[in-house]
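Enquirer: Sharing a structure, written as structure tokens. Questions coming.
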Amino acid sequence: MISKDMVRQIEGSSAIRAMFEEGAEMIARYGKENVYDFSLGNPNVPAPAAINEAVKDIVDSEDPLVLHGYMLNAGYKDVRQTIADHINRLHGTSFGPDNIIMTVGAAGGINVFLRTIIDPGDEVIAFAPYFGEYNGYTSNWNAKLVIVPPDTETFQPNIEELENLITAKTKAVIINTPNNPTGVVYSAETLEKLASVLEKKQKEFGTDIYLISDEPYRELVYDGVEVPYVTKFYDNTVVGYSYSKSLSLPGERLGYLVIPDEAADSKLIVEAAGVATRILGFVNAPSLMQKTVAACVDEEVDVAVYDKNRIALYEGLKEIGFECIKPQGAFYLFVKSPFEDEKKFCDLAKKYHIIIVPGGAFACPGYVRMAYCVAYDTIVNALPQFEKLMEEIKSMK
Ligand code: PLP
């Protein structure tokens with residue numbers, strides 16, 4: 001028999017799973033070109049060619065006993081040095097290899113960090129709408145996830161509400177910018193306000209509150225928007241980075257944590273996070289991929305492909321009459337549901353072979369998420385379907 005908690009986890013993920021299954025069924029019935037699946041955040045831009053070249057070079061040139069062997073739990077030191085230098089070059093920071101821990105994606109990194117700091121019953125705060133997997137990441141460690149309601153005007157984090165929700169048990173606050181599911185980038189002004197509230201509350205309760213900056217989409221931004229580097233705003237920041245989207249390597253499972261010297265108990269946290277990496281069974285992040293990303297630190301995916309999709313989908317839907325916020329980053333569009341119950345909207349969309357995710361999965365009912373990391377033609381061909389969908393909605397009102 002599986003654990004009671006896993007029963008709850010399965011129930012919690014059944015809405016999205018059911019949607020995937022329905023999508024697959026629809027494709028089998030109507031053909032791939034007649035189904036408009038905007039459900040999955042799986043990159044459709046290939047990894048840069050340099051990645052495959054680097055893999056070949058590394059396999060051919062490295063000592064296999066080193067390349068395929070166990071290593072320090074934190075990862076190869078030369079790789080961490082290369083990554084620290086790269087961050088410093090881009091953001092004017094001064095990290096060294098000991099501030100970096102290589103992880104199994106951002107998901108692995110966040111779990112390692114939560115394992116490192118959480119005692120059962122501690123609280124972790126997230127801003128709605130948030131990546132639904134945070135529910136599982138926090139319940140893994142018996143932390144309570146506290147949700148700050150959304151500011152649906154701007155989708156910037158609601159700092160006033162945050163202040164009311166911080167307690168003596170608050171161990172961490174998670175932010176994600178550029179954001180999944182809204183595509184919003186948190187401004188420097190927002191981060192300044194956030195930092196000052198966290199500092200005030202740390203003093204009030206005599207506690208350390210870590211700010212986890214979950215950054216899989218840092219590199220996917222449009223119109224020259226700046227994504228401020230969060231460690232510059234607040235000492236107790238820990239960054240969880242990922243190569244899943246920035247280099248289109250989600251199946252390779254690689255990312256890193258940045259734990260600055262300025263963070264409270266930094267040395268102990270680094271040591272504990274290494275142990276957490278080991279005892280969670282990761283032992284260390286995938287070795288070949290560590291070497292590969294280090295050889296490709298200056299590579300980028302072709303963000304212009306996502307940008308073209310972004311503009312086509314955003315402008316197309318606005319013209320039809322849907323309300324949505326223009327994404328500044330990531331590859332998601334958050335659209336206001338024409339019905340209060342967004343599940344009704346998702347169900348009706350299926351009639352037009354359109355698959356979208358209800359906002360309830362991101363703690364933000366009344367909206368839907370569309371992932372536009374799809375073929376451009378999917379968007380072009382979906383728009384007339386959205387038009388018919390809108391006509392039907394209008395005829396119902
Ligand atoms: N955080 C957010 C906001 C995400 O959207 C994702 C993946 O979609 C992750 C974390 C997990 O990323 P990774 O593949 O690096 O584990």
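Enquirer: In region 23-52, how many residues are surrounded by fewer than 17 Cβ atoms within 10 Å (Cβ to Cβ) and either more than 16 Å from the ligand (Cβ to nearest atom) or within 12 Å of Lys350 (Cβ to Cβ) (or both)?
Expert: 14
Enquirer: Select from region 283-309 the residues that are more than 20 Å from the chain's Cα centre (by Cα) and closer than 30 Å to Asp208 by Cα and list them in ascending order.
Expert: Val283, Asn284
Enquirer: Turning to a different aspect of this structure: Which condition does Lys326 not pass, out of (1) open to solvent by less than 10 Å² (accessible area, probe 1.4 Å); (2) away from the ligand (no atom under 14 Å from the Cβ); (3) in the same structural domain as Asp37 (by TED's automatic domain parsing), if it passes all the others?
Expert: Going through (1) open to solvent by less than 10 Å² (accessible area, probe 1.4 Å); (2) away from the ligand (no atom under 14 Å from the Cβ); (3) in the same structural domain as Asp37 (by TED's automatic domain parsing) one by one, Lys326 breaks only (1).
Enquirer: Starting from residues that are farther than 28 Å from Ala285 by Cβ and within 16 Å of the ligand (Cβ to nearest atom), keep the ones in region 128-147 and report whichever is surrounded by the most Cβ atoms within 10 Å (Cβ to Cβ).
Expert: Going through the qualifying residues, I end up with Pro129.
Enquirer: Which condition number does Glu315 fail, the rest of (1) within 30 Å of Gly366 (Cβ to Cβ); (2) in the same structural domain as Phe155 (by TED's automatic domain parsing) being met?
Expert: The single condition Glu315 does not satisfy is (2).
Enquirer: Checking the conditions here, which among Glu204, Glu219, Glu192 is on the phi < 0 side of the Ramachandran plot and in contact with a helix residue (DSSP H, G or I) (Cβ under 9 Å, 6 or more places away or on another chain)?
Expert: None of the other options fit; the residue is Glu219.
Enquirer: Out of Glu391, Glu319, Glu387, I need the residue that is surrounded by fewer than 21 Cβ atoms within 10 Å (Cβ to Cβ) and in contact (Cβ under 8 Å) with a residue 60 or more places away in the chain. Which one?
Expert: After ruling out the rest, the residue left standing is Glu387.
Enquirer: Tell me, which residue of region 148-181 that is hydroxyl-bearing (Ser, Thr, Tyr) and crowded, with 21+ Cβ neighbours inside 10 Å is farthest from the chain's Cα centre (by Cα)?
Expert: The qualifying residue farthest from the chain's Cα centre (by Cα) is Thr170.
Enquirer: Going by the structure shown, is Ile110 assigned to a strand (DSSP E or B), within 30 Å of Lys193 (Cβ to Cβ), touching a residue at least 60 places away in the same chain (Cβ under 8 Å) and within 15 Å of the ligand (Cβ to nearest atom)?
Expert: no
Enquirer: Continuing with the same structure: Tell me the residue from Val184, Val124 that is touching a residue at least 12 places away in the same chain (Cβ under 8 Å), assigned to a loop (DSSP other than H, G, I, E, B) and within 16 Å of the ligand (Cβ to nearest atom), please.
Expert: Residue meeting the stated conditions: Val184.
Enquirer: Select, from Asn99, Asn88, the only residue that is among the polar types (S, T, N, Q), in the same structural domain as Ala273 (by TED's automatic domain parsing) and in contact (Cβ under 8 Å) with a residue 12 or more places away in the chain.
Expert: On the way: Asn88 fails: in contact (Cβ under 8 Å) with a residue 12 or more places away in the chain.
Checking each option against the conditions leaves just Asn99.
Enquirer: Give me a count of the residues in region 335-362 that are open to solvent by 30 Å² or more (accessible area, probe 1.4 Å), in contact with a strand residue (DSSP E or B) (Cβ under 8 Å, 6 or more places away or on another chain) and within 20 Å of Pro150 (Cα to Cα).
Expert: 3
Enquirer: Related question: Looking only at region 286-319, count every residue that is over 30 Å from His68 (Cβ atoms) and part of a helix (DSSP H, G or I) and tell me the total.
Expert: Pass one, region 286-319, residues over 30 Å from His68 (Cβ atoms): 302-319.
Those still in the list that are part of a helix (DSSP H, G or I) too: 303-319.
Residues flagged as over 30 Å from His68 (Cβ atoms) and part of a helix (DSSP H, G or I) within region 286-319 amount to 17.
Enquirer: In region 157-181, what count of residues is obtained for those that are touching a helix residue (DSSP H, G or I) at 6+ places or on another chain (Cβ under 6 Å), away from the ligand (no atom under 16 Å from the Cβ) and assigned to a loop (DSSP other than H, G, I, E, B)?
Expert: Here the count works out to 2.
Enquirer: Another question, if that's okay. What number goes with the only condition from (1) part of a helix (DSSP H, G or I); (2) surrounded by fewer than 19 Cβ atoms within 10 Å (Cβ to Cβ) that Thr93 does not pass?
Expert: The one condition Thr93 does not meet is (1).
Enquirer: Also, quick follow-up: Anything in region 56-83 that is part of a loop (DSSP other than H, G, I, E, B) and open to solvent by 90 Å² or more (accessible area, probe 1.4 Å)? List them, or say none.
Expert: Result: His68, Tyr70, Leu72.
Enquirer: Next up: Could you please let me know if Ile279 is open to solvent by 60 Å² or more (accessible area, probe 1.4 Å) and not charged (D, E, K, R)?
Expert: Taking the combined requirement at face value, the residue satisfies it.
Enquirer: Can you tell me which residue within region 210-267, out of those that are of a type in the set (Gly, Ala, Ser), within 16 Å of the ligand (Cβ to nearest atom) and buried (at least 20 other Cβ atoms within 10 Å of the Cβ), is farthest from Ala168 (Cα to Cα)?
Expert: Ser248
Residue-by-condition table, conditions (1) under 30 Å from Val7 (Cα atoms); (2) modelled with pLDDT of 95 or more; (3) in the same structural domain as Met370 (by TED's automatic domain parsing):
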{"site": "Gly121", "(1), (2), (3)": "yes, no, no"}
{"site": "Gly132", "(1), (2), (3)": "yes, no, no"}
{"site": "Thr138", "(1), (2), (3)": "yes, yes, no"}
{"site": "Pro150", "(1), (2), (3)": "yes, yes, no"}
{"site": "Asn164", "(1), (2), (3)": "no, yes, no"}
{"site": "Lys171", "(1), (2), (3)": "yes, yes, no"}
{"site": "Ile209", "(1), (2), (3)": "no, yes, no"}
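The values are calculated or read from the model by the stated rules, or taken from the named source; none is laboratory data. No experiment lies behind these values; they were computed from the predicted model shown. Glycine gets a Cβ as well: all are built from the backbone with ideal geometry, and neighbour counts include every protein chain shown. Heads up: the accessible areas ignore ligands, DNA and RNA and are worked out on the full protein's heavy atoms, side chains in. Shrake-Rupley method; radii C 1.70, N 1.55, O 1.52, S 1.80 Å.
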